[in-house]
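Structure first, then comments.
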Amino acid sequence: MRRRKQEPTREPGSGSHGVDRREAESFVRQFHREQPEAGDVERRVREVLAEIDRTGTYAHSPAELVFGARVAWRNAARCIGRLYWRSLVVRDLRHVTAADDVAGACFEHLRLAGNGGRIRPVVSVFAPDRPGRPGPRIVNDQLVRYAGHRTAGGGWVGDPRAAATTERARALGWKRAEEPFQVLPLMVRERPGARPEWYELPDGVVLEVPLRHPDHGWFAELGLRWYAVPAISDMVLEIGGVRYPAAPFNGWYMGTEIGARNLADTGRYDLLPVVAERLGLDRSSERTLWRDRALVELNVAVLHSFQEAGVTMADHHTESERFLRHIAQETRHGRPTPADWSWIVPPVSGAATPVFHRYYDPVDPRLRPAFLPRERPDGCPAERPGGCPQG
Ligand code: ARG
């Protein structure tokens, strides 16, 4: 039986679609296959299908929700950190729909995930889309992100990646500051199309690490910092045909995400020239590899600072080795590990890590459960200049 690809013409964000019976059945069977102690599969299949026929959708049992969310992580082809997929903490917040309550629960998510520095992978699952009753949406692409805007002179203050989100927040009445690491407010829509409510993140919710270098005192003077919990909030969690449009999730950072991308990309904080200058490197020619040398020192600073602050962070060598262990473990369970090479290989020292030197099981976009990119019904431009997909 061939499944049709997801209908791209579906009215964006309407959430009015009923659940596909085959998706539901195939999920229930997978759940029982992997959790044989869960009881009578045929009975549960009948129950779910009857509920879909009656209401257009169905409610996952708490155990199905936990399993579904964890497997969505296991299926995430771009994620190198999947070894710990079974440890994902799943918060069942399906009864939460009001914007104020969603925001409050997101702040609690950040506290739980931050855990005083011992980062825990957490997903908070808010109300699903039901026929005629769409769930809430988080406008931000991460629960924590630094604002960014252009200056009159054509330069940037803050993170250019957040330009559209910053502009949105400003249009809603939020006051941006002229500082490079100002945390954006959280914007929540109670339903698609509704005007977002915005909330300043309360004190104590955003764990941040000021950056310094183990050997260079001047590094701290650059005034750099980064937040501890990367919590993606713009992906839809789809389990057994049910779509959860607000399901923010986090893991811990791998140093290169910050040191080789967020602070280094020319379209982000663009700090390699600054760091190279302070290191006294010869920038008269590319051949001196001043960029590469600055990159390494920036990454040393990121790893060192998180370590000293007692905040969980992986280095790319260790995380690569863990990923290969994950693949071996999945193989023993008879499961493939679809992976996207271009996302798995770290952005520095690729070939110095073992994940570089091999290919992976092909990525199947129909694989479920999954975290899926959200359609942008709000017309908010994707913040990926040049369509660059990475990171
Ligand atoms: N690369 C993104 C960032 O720098 C975060 C993506 C998720 N990363 C993670 N370690 N779970 O903010």
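Data overview
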{"read-out": "GluC sites (Glu not before Pro) restricted to the stretch 155-203 and DSSP loop, no more than 14 other C-beta within 10 Å", "value": "Glu178, Glu200"}
{"read-out": "Accessible surface of the stretch 303-359, 1.4 Å probe, proportion on carbon and sulfur as whole %", "value": "54"}
{"read-out": "Per residue, in Å², the accessible surface of the chain once ligands and nucleic acids are set aside, probe 1.4 Å", "value": "47"}
{"read-out": "Acute angle (nearest 10 degrees) that the helix 21-34 long axis makes with the longest principal axis of the chain, alpha-carbon atoms", "value": "80"}
{"read-out": "Nearest-0.05 FRET efficiency for Ala351 and Arg29, computed from C-beta distance (R0 35 Å)", "value": "0.25"}
{"read-out": "Potential lengthening between Glu178 and Arg283 on full extension [0.36 nm per residue; Cα-Cα distance subtracted]", "value": "34.9 nm"}
{"read-out": "Theoretical gain in end-to-end length, Asp215 to Thr318 [0.36 nm per residue, Cα-Cα removed]", "value": "34.8 nm"}
{"read-out": "In Hz, Karplus ³J(HN,Hα) per residue of the stretch 255-265 (6.51, -1.76, 1.60; θ = phi - 60°; x = Gly, Pro)", "value": "x, 5, 4, 8, x, 10, 10, 4, 8, 10, 3"}
{"read-out": "Around Leu271: net Lys/Arg minus Asp/Glu count, Cβ-Cβ under 15 Å", "value": "+1"}
{"read-out": "The stretch 197-204 - phi-based ³J(HN,Hα) in whole Hz, Karplus 6.51/-1.76/1.60, Gly and Pro as x", "value": "8, 10, 9, 5, 5, x, 4, x"}
{"read-out": "Length released on extending from Thr331 to Arg43, taking residue separation times 0.36 nm less the Cα-Cα span", "value": "100.6 nm"}
{"read-out": "C-alpha long axis of helix 99-114 to longest principal axis of the chain, angle in °", "value": "60"}
{"read-out": "Between 0 and 90°, nearest 10: helix 41-55 axis offset from the chain longest Cα axis", "value": "90"}
{"read-out": "Normalised convex hull volume, the stretch 277-353, alpha-carbon set, Å³ per residue", "value": "109"}
{"read-out": "Sulfur and carbon atoms: percent of accessible area, the stretch 16-92 [1.4 Å]", "value": "51"}
{"read-out": "Directionally averaged projected area (convex hull, Cα atoms, the chain), nm²", "value": "20.7"}
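The values are calculated or read from the model by the stated rules, or taken from the named source; none is laboratory data. What you are looking at is a predicted structure, and each value in this text was computed from that prediction instead of being measured. Note: ideal-geometry Cβ built from the backbone for every residue, glycine included; neighbour counts use all protein chains shown. In case anyone asks, the SASA skips ligands and DNA or RNA and just uses the protein heavy atoms, side chains included. Shrake-Rupley method; radii C 1.70, N 1.55, O 1.52, S 1.80 Å.
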